[in-house]
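Each reported figure results from applying straightforward, stated rules to the coordinates on display, with no laboratory input. The structure presented is a predicted model; accordingly, all values stated were derived computationally and were not measured. Here the Cβ positions follow ideal geometry from the backbone for every residue, glycine too, while neighbour counts run over all protein chains shown.
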Amino acid sequence: MDNTTRLQYLQAMGIDVWIPRTSTPAVQPFVEGKLEEIPCLKPESNAFEQPLEQPQSLSTWDNLQAEVAACTKCALCQTRTQTLFGTGNKTADWMVIGEAPGQHEDEQGKPFVGKAGLLLTEMLRAAGLERDEVFITNILKCRPPGNRDPKPDEAESCSDYLRRQRELIKPKIILAVGRISAQTLLKTDAPIGKLRGKVHDLDGIPLVVVYHPAYLLRSLLEKRKAWQDLQLAVRTVKGK
Ligand code: URA
């Protein structure tokens, strides 16, 4: 899609666009903007029906992806359309971690594809990043029915997948998008307002918390803070 058309789409959806002014990532300030507890019996894919030894041509990454696609660790496998592994660059400097797939993400198997996703794309662009440069995934790989908050056991079931993704990608920074992501990754109940604005450490990787774009679409006044947090993340990656 060309830039003009993209801007027209965003304008029609009521989304303000962030445009970097110069090579220095400076941007106009924001104008503000988740059953039953029955274990799954039937895997969705036949990945585990294959012999235990995977063909050597399959990379660790592909194995992990296949494992996630066939996951039956929690009850969400009964209601999902498909799992959402994540999209983007497998060797990205930036790993962006949201909460969980919503309806559109569950249907398409891609993260952040709705209106909030468009805003996330603009936030990344304002930080000088295209979506395909970063790796975007979620705390949960399956959609919780009705978009309710993830349950602790669901996040726990997915945590090993996320840790292995992190170890393969080896990002220079993790952007925790939204309260659920921040609290789950940092293992805290602290409010997001106390978690944002500083650089945390997750197993040796700097982690910056940013407000969820769905929240920013409703809370215009917080966009400035989100911009400050993105700048903090950019400075952290650059070592400044
Ligand atoms: N919200 C999230 O946190 N993740 C998605 O993939 C979509 C919406």
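General observations
- All C-alpha pair distances within the stretch 70-163, sorted into 5 Å bins from zero, spread as 3, 14, 25, 25, 17, 11, 4, 1 percent across the bins.
- Global form of the stretch 107-240, assessed from the alpha-carbon gyration tensor, a/c cut-off 1.5: rounded
- Annotation: extensible slack from residue 103 through residue 186 equals 27.3 nm (criterion: 0.36 nm per residue apart, minus Cα-Cα distance).
- Unsatisfied cross-links (Cα-Cα over 24 Å) in the set 170/240; 151/187; 151/198; 90/172: 151/198
- HN-Hα J in Hz across the stretch 216-225 - Karplus 6.51, -1.76, 1.60, θ = phi - 60°, x for Gly and Pro: 5, 5, 9, 10, 4, 5, 8, 4, 4, 5
- Cubic angstrom per residue, convex hull over Cα atoms of the stretch 86-131: 70
- For the stretch 107-187, GluC sites (Glu not before Pro) meeting the loop criterion (DSSP other than H, G, I, E, B) and having at most 12 other Cβ atoms within 10 Å: 130.
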